[in-house]
1. Taking residue 139 as meeting all but one of (1) part of a loop (DSSP other than H, G, I, E, B); (2) more than 18 Å from the chain's Cα centre (by Cα), write down the number of the exception.
2. From the list 159, 113, 150, 109, pick out the single residue that is in contact with a helix residue (DSSP H, G or I) (Cβ under 7 Å, 6 or more places away or on another chain) and within 16 Å of residue 62 (Cβ to Cβ).
3. The conditions are (1) of a type in the set (Ser, Thr, Tyr); (2) assigned to a loop (DSSP other than H, G, I, E, B); (3) in contact (Cβ under 8 Å) with a residue 24 or more places away in the chain; (4) surrounded by 12 or more Cβ atoms within 10 Å (Cβ to Cβ), and residue 131 fails exactly one of them. Which is it?
4. When the range 154-170 is examined, which residues are found to be surrounded by 12 or more Cβ atoms within 10 Å (Cβ to Cβ), assigned to a loop (DSSP other than H, G, I, E, B) and modelled with pLDDT of 95 or more?
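The values are calculated or read from the model by the stated rules, or taken from the named source; none is laboratory data. Keep in mind that this is a model prediction, so the values were computed, not measured. Here the Cβ positions follow ideal geometry from the backbone for every residue, glycine too, while neighbour counts run over all protein chains shown.
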Amino acid sequence: MSRFTSKRLITATALVALLGTAAYASSVHLKGGPNSKPAFTDLMLTLRTTGALAGLGFGDVLVGLSATANATATCSNGANHQPPGQNPAPITVSGSEAIPASEVQNGNVSFSVTTNPPVTPIPGAPGCPNSKNWTEDITDLSFTSATITVQQGTPLATVLTVTCMFSPATTDGPVPSGTVSCTSS
């Protein structure tokens, strides 16, 4: 290999390395200032979050939402008898939204992610008197926390994690901003 070809190869490698790093996010954050938080809506069996991101690089984005909730459930048998106070342990539901690079404009993009509903009836009816003769159906979720994860790059790398707590737990409808506290990392 000639000295000229070797210099071209080194220059090309350095250029690819520089351009490759410029395509990744540098300081991804929620738009709206240092204390900004996403909006949440409790949709009975799912949780939706909306917001806007800034500081993204060029590339596809994956926004994930994982939420923990206290479930309200009913147990019923063939005679439609429902014993009181049968609620399962807290459960976690999740969902995600893939956003193509073409929607990222100047490092900014809006997102809207809704979790998938829980499996119901609950297999094996663990919160009911008898798993053979009873069915356990989740009727509502009261969310206590949520984590939003933003990933970008090839391969996907986590560029932002927002952890939010709800106090008190959510009830159906829009979640009041004053009941939400979030931290970002």
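1. Status for residue 139: all satisfied but (1).
2. Working: 159 fails: in contact with a helix residue (DSSP H, G or I) (Cβ under 7 Å, 6 or more places away or on another chain); 113 fails: in contact with a helix residue (DSSP H, G or I) (Cβ under 7 Å, 6 or more places away or on another chain); 150 fails: in contact with a helix residue (DSSP H, G or I) (Cβ under 7 Å, 6 or more places away or on another chain).
From the options 159, 113, 150, 109, the qualifying one is 109.
3. Of (1) of a type in the set (Ser, Thr, Tyr); (2) assigned to a loop (DSSP other than H, G, I, E, B); (3) in contact (Cβ under 8 Å) with a residue 24 or more places away in the chain; (4) surrounded by 12 or more Cβ atoms within 10 Å (Cβ to Cβ), only one is false for residue 131: (3).
4. Answer for the range 154-170, where residues must be surrounded by 12 or more Cβ atoms within 10 Å (Cβ to Cβ), assigned to a loop (DSSP other than H, G, I, E, B) and modelled with pLDDT of 95 or more: 169, 170.
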